[in-house]
Amino acid sequence: MSKFYLIANNLALDLVNTMIVDNGRPVDLLQTFADFLGWSVEAGIITKKQALRAKSESTKRDEVRVFDLVLKFRDTLKSMTYDLAKGKTVPQASLDRINEVLNRKNGFFEVRRTSDGYEKQFHPEFHDMADLLVPIAESAADLLCFGDLSQVKKCENEACVLHFYDISKNHRRRWCSMSACGNRAKAAAFYERKKEAGN
């Protein structure tokens, strides 16, 4: 079972969701560069084989440098996410940081035949492990430019810190996930109704 919460419908928000609260205490799910590689694999940014190669080819110094960039970029995205969830404008400093990461993009496009015709697919090239942040920055840019920003929401469980982009049909999603906070809220409401009925 994964230790990461890939529930946000957006890579940038999923990276923000690597900071959680467990039993009322903050927990950082990214403790090491290896954790970030694991998250990148689960998020579909790279394959397990690419992660193993990156780990074997990296120096400790590279890992420390890139991991520091990851944590700083997550802080930028966290600030952006909190602002969006509160209906505020994203500060220019956040946009500048996203653009700085986008500027790292390298790769090539390829046209491929599909069962329906053709598709254009971009193949990223990772010359530096910090380039792993590019797809996350693109996800943040797509959210800001093409998303309905009113649908960036925080889980309604007050004890939960997870955020998501609501793509539900009626835009009524309330919880990070039904299996976690949603079921707890339902159980608490059921308990309250039962308690009131007993009085």
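Descriptive notes on the structure:
- Spans of helices (runs of 4 or more DSSP H) in the range 1-110 with at least 2 residues in contact (Cβ under 8 Å) with a residue 60 or more places away in the chain, surrounded by fewer than 20 Cβ atoms within 10 Å (Cβ to Cβ) and among the acidic types (Asp, Glu): 60-85
- Residue among CYS145, CYS155 that alone is in contact (Cβ under 8 Å) with a residue 12 or more places away in the chain, within 18 Å of ALA85 (Cα to Cα) and not polar (S, T, N, Q): CYS155
- Only listed residue being farther than 21 Å from LEU6 by Cβ, small (Gly, Ala, Ser) and in a helix (DSSP H, G or I), chosen from ALA141, ALA137, ALA130: ALA130
- Those residues of the range 29-41 which are touching an Asp or Glu at 6+ places or on another chain (Cβ under 9 Å) and farther than 15 Å from ARG65 by Cα, in sequence order: LEU29, TRP39
Every residue, every condition in (1) under 18 Å from the mean Cα position of the chain (by Cα); (2) hydrophobic (A, V, I, L, M, F, W, C), yes or no:
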| site | (1), (2) |
| --- | --- |
| SER2 | yes, no |
| LEU13 | yes, yes |
| ASN23 | no, no |
| GLY44 | yes, no |
| LEU77 | yes, yes |
| ASP96 | no, no |
| ASN99 | yes, no |
| ARG112 | no, no |
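- Set ARG61, ARG74: member being of a type in the set (D, E, K, R) and within 24 Å of VAL27 (Cα to Cα): ARG74
No value in this document is a laboratory result; all are computed from the given coordinates. Computed from a predicted model, the values in this text were never measured in an experiment. We place every Cβ from the backbone using ideal geometry, glycine too, and count neighbours over all the protein chains shown.
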